[in-house]
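What follows is one structure encoded as C-alpha cells, with my remarks underneath.
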Amino acid sequence: MQKFLLVLSFILIAITNSLSQDLKSPSDFLGYDLGTQFSRHHQVIDYFKHVSQTLPNQVLLEQYGQTYERRPLYMTIISSEENIKNIDQIRENNLKNAGVIEGNSTSNNPAIIWLSYNVHGNEASSTEAAMKTLYTLITEKQDLLKNTVVIIDPCVNPDGRDRYVNWYNETSSMPYNTDQQASEHHEPWPGGRPNHYLFDLNRDWAWATQIESSSRLKVYNTWLPQIHVDFHEQGINNPYYFAPAAEPFHEIISEWQRHFQTEIGQNNAKYFDNNGWLYFTRERFDLLYPSYGDTYPTYMGAIGMTYEQAGHGRAGLGIMNDEATELTLKDRIAHHTTTGLSTIEMTSQNAEKLNLEFKKFFDNTDLKYKSYVMHGNSDKIEAVKHLLDKHDITYKYAAKGKVSGMMYGTGKEGKYEATEKDLIVSTNQPKGKMVTVLFEPDTKLNDSITYDITAWSIPYAYGLDAIASKQEVKTSITTKTPTLNTKDTLGVGYISAWNSLKDAEFLTALLQKNIKIRFNEKPFTTLKPELKYDRGSLIITRGDNKSSSDFDDIIIETANLHKRKIQSIATGYSKSGTDLGSPDVKLIHKQKIAILSGKSTSSLSYGELWHFFEQQLHYPISSINTEHLHKTELDKYNVLIIPDGYYGDVLNENALKKLQTWIKKGGKLVAIDGSLKSLANKKGFALKTNKVKDTTKTKSNLVPYAEREREATNKLITGAIFKSKVDNTHPMAFGYDKSYLTLKLGNDSYSLLENGYNVAYLEEAPKPISGFAGKDALKELGNSLVFGEERIGKGSVIYMVDNPLFRSFWENGKLFMVNSVFFVNNNRFEL
Ligand SMILES: [Zn+2]
C-alpha cells in the first residue's frame, strides 16, 4: 500500500511538473509574436484558460457574466499557492476589514489589486498587455504574489473589442501601413469604444445600466480591492498618462488615497525613466464623477487610477505620429505591462499599510450627513432601491416623525414629517462614503475644469423630494404587500394611474398584446367607485377590446406582472370631468417608431434610445441609417427620433423638406440636443437660437495665452442641474409636477416657442441647483426652452433641448420620451 502511495505521489508530482513545463508564453500559445496581430476576444480567453489549467494552484478563472452579444466575461485570480489555498478566507478577511461582513479579520491579509483592461473596446493594446502581465507575473515575478492577490479582468468590454479587432483585421494592409490617412486608422461609426448598446462603460459604474457593469459590480463588491487600475488609451501624440490624477478631487478622497497614488506614479516614472519613455501626470482625468473606473473604486476604498497609453482606435499595429515617430502595438503593450507590474510591485511592498488604511477608510463616523430621507412616488423609491442593491448599499423605511435637515432643491434648512413610505439611506454603513457621493445635494468643486458632469445627485435624478439630515433618522420595519389585482368581468373596464416608468412598461406590454388603451387629456372622477384620475391615466375598456376573448385575464396578468394597481370601474359615466367616451379620452396608437442611426448621429445618444426601447420598454423600433434617409419611406412610421448628433449635410434642405412633408401628413419628429441645431432658424421650423447681445464682443481679447483654457470655462456648462417650469397640462408632461429638474449638458440655448407649446423651460436668470455653469453660459439660459412641441400640419416636432435619456441614469426624464411618443398629438395618419 505504502509503495502504491509513493508511486501515486510520484506520478502526481510528475504531472504537476510537466504541467508547469507546458506553460506557454502568449506568443507561443497564440502562434504569433504578441503585438504583431490583434487577438480576438476568444483567443485571449483561451490563453487565460490555458494558464489557469496549467497552474490551477495559482491561477483561478471565473466567469462572472455574459455580454449582450453572448461573449463571456471572465476574471482571473492570481496569487501564491499558499494564498490560493486560503482564497475564500482572504476575501472574507478583506470584507471584514471593510465591515461588510461581521467579525475580526486576521492580520497579514495579502493586499488585493484589481486590474481592468479594455473597457473601451478600441483601446485595444491593454487586453494584449493583460496576457503579458499575467505571464510575467507567474514566471519572473512570483515573489510579488506572496502578499498580494492580483485580479485581472482581461477585457471589460468584449463586444466593443471584437468590433474593433474584426474591423481592423478586415481593413488593415499587410504589412500594416503607418500613414495616418490610411483607412486602417479611421474607424467607421460607431467605433469599438462602446459596448453593444453603444454605452460608454467607463461612465456606467455607478448607474450600472449595462449588463457588463451590473455583472462586474456583483463580483467587485465581493472583493473590494485596495488598488484598482483601469487601462485606457488616448490620442496618438500623448505618450502615457498615469497617477496622480488631476484636480478636482472629490473632497471625500482620503489623504492616504491622494498620497499613495503619487507614490505609485513615482514608481511607474522610475521604470519609464529607465527606458527613456515619456509620460505625464496630474494634468487630465480628475476624480469627481462617481461612475468611472477610477472614481468608483476610490469611493469604495481603493486607490483607483486611470492609465492612458498613446494609441486608441487610430493607432492600429503601427502609426506615424505627428512628431514622425512610429508608435507600434508592441510599444503600447510594453508600457501597459510595465505600469501594471510596477503597480503590483508597489502593492506588494506596501501590503500591510494598504490593509491598514483600507480599514480606516470604512470608518464613516465623521461624515457630515448621517441620513438621506427620500419621499415621493413609490415606483421611484423602488427604482432607487434597485440601484442601491447593485452596490450593496443598505436602506430602510422611515419611522413616522419629524426630520430636520437640508432640504434638496432649496438648499435651506427645514423640517419634514416623515412617513413609513419614505426611504432612508444612512451613511453609517460600510459604503457610507459612496452614499455621500451619490446623494450629496451639491457637489463641491475646487477646480472648474473637469472632464465630466458635475452634478448627479440621486434624489434629483429620480425626481424625489429629499432631506439630508445630520442626525440618524429613525427607521421602521415595513413589510410591503405585493400588488395583486383580481378580475371583474362585470365592470366596463380598468384604470391605472400614470406616474412613472413602471406605468410606461405596463402600457407598452399591453400594446404588444394588442390591447386597446386610452388616456385622458383632462382629469375626471369616476362614479363607481368614486376616484379621481389625473391626466394621462390609462383607461382600458371592455368596449374597445371586444375582439379579445380573454380580456380580463390579459389585463390582470399584465398588471400583476408589472406590479400595477388597477381599478375596475362599474360605469363609463363619470361623477365629474370627462366620461370615458369623451373625445378628450384618446386612443393610444401602437406607434411605429424609427430612430436615426449611423454616421452623424451621436452613437451614445442613439444607443441610449436603442437600449431604452429595447431593454426597458421592450418595444420594437426600426433603426434608419442616415445614409438611407433620402430613400426611406417615412410614411411607414408614426414617429421618427433624431438622436443628439452633428448632422451637417445629413439634414440638408432636401432632407428637411422631406421631413416637413411627412410631418404635415401627421408624422411626429422628436429631435434631441445637438440635432436641434439643424432645425433652428430654418424655414418651416419655429425653433430659434437664444442669443443675448454680447457687448464685449467688439473689444480686443486681452486674456493672456496661459489663461485662455480657464477663461473658456466661463462659457461652459458641464452637466449641471437646473429647475425648469413645466406645463403639466400638456400631454408631454403628464405624470410630472409643475417643475422638473433637468440635467443640462451644454450651453445650447433656444428661445421660447412663439408658435408652439413650451412644455418645460427655464425662467429669467436661472442658477444651477447643483453642478458647474460658467457665468457667460448662464446669461444666455434665461427664458430658454427645455422641452417644446410645434404643430406643423397634422403632425408635430418635439424639441428636447436637454437629453432625458443621457447615460440612461436621469431616471425622472424618461417619461418625457414616452409621453412624446405615445401621448403628444396622438392623431394617427394611415399607415
Ligand atoms: Zn478609454
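I'd like to verify a number: residues in region 204-235 that are within 14 Å of the ligand (Cβ to nearest atom) and surrounded by fewer than 23 Cβ atoms within 10 Å (Cβ to Cβ), how many?
2
Considering only region 597-643, state which residues are touching a helix residue (DSSP H, G or I) at 6+ places or on another chain (Cβ under 8 Å) and of a type in the set (Phe, Trp, Tyr).
Phe612, Tyr619
I'm trying to understand the selection: among the residues of region 578-611, which are crowded, with 16+ Cβ neighbours inside 10 Å and either β-branched (Val, Ile, Thr) or part of a strand (DSSP E or B) (or both)?
Thr578, Val585, Lys586, Ile588, Ile593, Ala594, Ile595, Leu596, Ser597, Thr601
Given (1) assigned to a loop (DSSP other than H, G, I, E, B); (2) within 22 Å of Phe358 (Cβ to Cβ), identify the lone condition not met by Glu69.
(2)
So which residues in region 521-530 are modelled with pLDDT of 95 or more, assigned to a loop (DSSP other than H, G, I, E, B) and either open to solvent by less than 70 Å² (accessible area, probe 1.4 Å) or of a type in the set (Ser, Thr, Tyr) (or both)?
Answer for region 521-530, where residues must be modelled with pLDDT of 95 or more, assigned to a loop (DSSP other than H, G, I, E, B) and either open to solvent by less than 70 Å² (accessible area, probe 1.4 Å) or of a type in the set (Ser, Thr, Tyr) (or both): Glu521, Pro523.
Select, from Asn83, Asn109, the only residue that is in a loop (DSSP other than H, G, I, E, B) and either more than 16 Å from the ligand (Cβ to nearest atom) or closer than 28 Å to Glu187 by Cβ (or both).
Asn109
For region 161-177, does any single residue satisfy the condition of being open to solvent by less than 10 Å² (accessible area, probe 1.4 Å), of a type outside the set (D, E, K, R), more than 15 Å from the ligand (Cβ to nearest atom) and closer than 18 Å to Phe231 by Cα?
Yes - at least one qualifying residue is present in region 161-177.
Only one of (1) open to solvent by 10 Å² or more (accessible area, probe 1.4 Å); (2) in contact with a Leu (Cβ under 9 Å, 6 or more places away or on another chain) fails for Asn638. Which number is that?
(1)
Looking for whichever is touching a residue at least 40 places away in the same chain (Cβ under 8 Å) and either surrounded by fewer than 17 Cβ atoms within 10 Å (Cβ to Cβ) or closer than 21 Å to Ala334 by Cβ (or both) here; the options are Phe29, Phe48. Which one fits?
Phe48
Of all residues in region 419-450, how many are modelled with pLDDT under 95 and over 19 Å from Trp810 (Cβ atoms)?
9
Does region 85-102 contain at least one residue that is more than 15 Å from Asn355 (Cβ to Cβ), surrounded by 19 or more Cβ atoms within 10 Å (Cβ to Cβ) and in contact with a Lys or Arg (Cβ under 7 Å, 6 or more places away or on another chain)?
No, there is no match, as no residue in region 85-102 is more than 15 Å from Asn355 (Cβ to Cβ), surrounded by 19 or more Cβ atoms within 10 Å (Cβ to Cβ) and in contact with a Lys or Arg (Cβ under 7 Å, 6 or more places away or on another chain).
Taking the stated definitions as given, is Ala760 of a type in the set (Gly, Ala, Ser), crowded, with 20+ Cβ neighbours inside 10 Å and under 30 Å from Asp503 (Cβ atoms)?
Considered against the rule, which asks whether it is of a type in the set (Gly, Ala, Ser), crowded, with 20+ Cβ neighbours inside 10 Å and under 30 Å from Asp503 (Cβ atoms), Ala760 comes out as yes.
For region 289-306, name all the residues that are in contact with a strand residue (DSSP E or B) (Cβ under 6 Å, 6 or more places away or on another chain) and either more than 10 Å from the ligand (Cβ to nearest atom) or open to solvent by 10 Å² or more (accessible area, probe 1.4 Å) (or both).
Of everything in region 289-306, those that are in contact with a strand residue (DSSP E or B) (Cβ under 6 Å, 6 or more places away or on another chain) and either more than 10 Å from the ligand (Cβ to nearest atom) or open to solvent by 10 Å² or more (accessible area, probe 1.4 Å) (or both) turn out to be Asp294, Thr295, Pro297, Thr298, Ala302, Ile303, Gly304, Met305, Thr306.
List the number of the failed condition for His312; all other conditions in (1) open to solvent by 30 Å² or more (accessible area, probe 1.4 Å); (2) within 16 Å of the ligand (Cβ to nearest atom); (3) modelled with pLDDT of 95 or more hold.
(3)
In region 773-795, which residues are open to solvent by 40 Å² or more (accessible area, probe 1.4 Å) and either part of a loop (DSSP other than H, G, I, E, B) or touching a strand residue (DSSP E or B) at 6+ places or on another chain (Cβ under 8 Å) (or both)? Steps first, answer last, please.
Applying the first criterion (open to solvent by 40 Å² or more (accessible area, probe 1.4 Å)) to region 773-795 yields 775-776, 779-780, 783, 791, 793-794.
Result: Glu780, Asn783, Gly793, Lys794.
Given the structure, is Ala351 of a type outside the set (S, T, N, Q), over 26 Å from Tyr307 (Cα atoms) and either touching a residue at least 12 places away in the same chain (Cβ under 8 Å) or in contact with a helix residue (DSSP H, G or I) (Cβ under 6 Å, 6 or more places away or on another chain) (or both)? First the steps, then the outcome.
Numbers: of a type outside the set (S, T, N, Q): yes; over 26 Å from Tyr307 (Cα atoms): no; either touching a residue at least 12 places away in the same chain (Cβ under 8 Å) or in contact with a helix residue (DSSP H, G or I) (Cβ under 6 Å, 6 or more places away or on another chain) (or both): yes.
No: the conditions fail for Ala351.
Specify the residue that is nearest to the ligand (Cβ to nearest atom); the eligible residues are those in region 119-160 that are open to solvent by 10 Å² or more (accessible area, probe 1.4 Å) and in a loop (DSSP other than H, G, I, E, B).
Lys141
The values are calculated or read from the model by the stated rules, or taken from the named source; none is laboratory data. All values reported here derive from a predicted model rather than from experimental measurement. Ideal geometry is used to build each Cβ from the backbone, glycine not excepted, and the neighbour counts take in all protein chains shown. Only protein heavy atoms, including side chains, enter the accessible area calculation; ligands, DNA and RNA are left aside. Shrake-Rupley method; radii C 1.70, N 1.55, O 1.52, S 1.80 Å.
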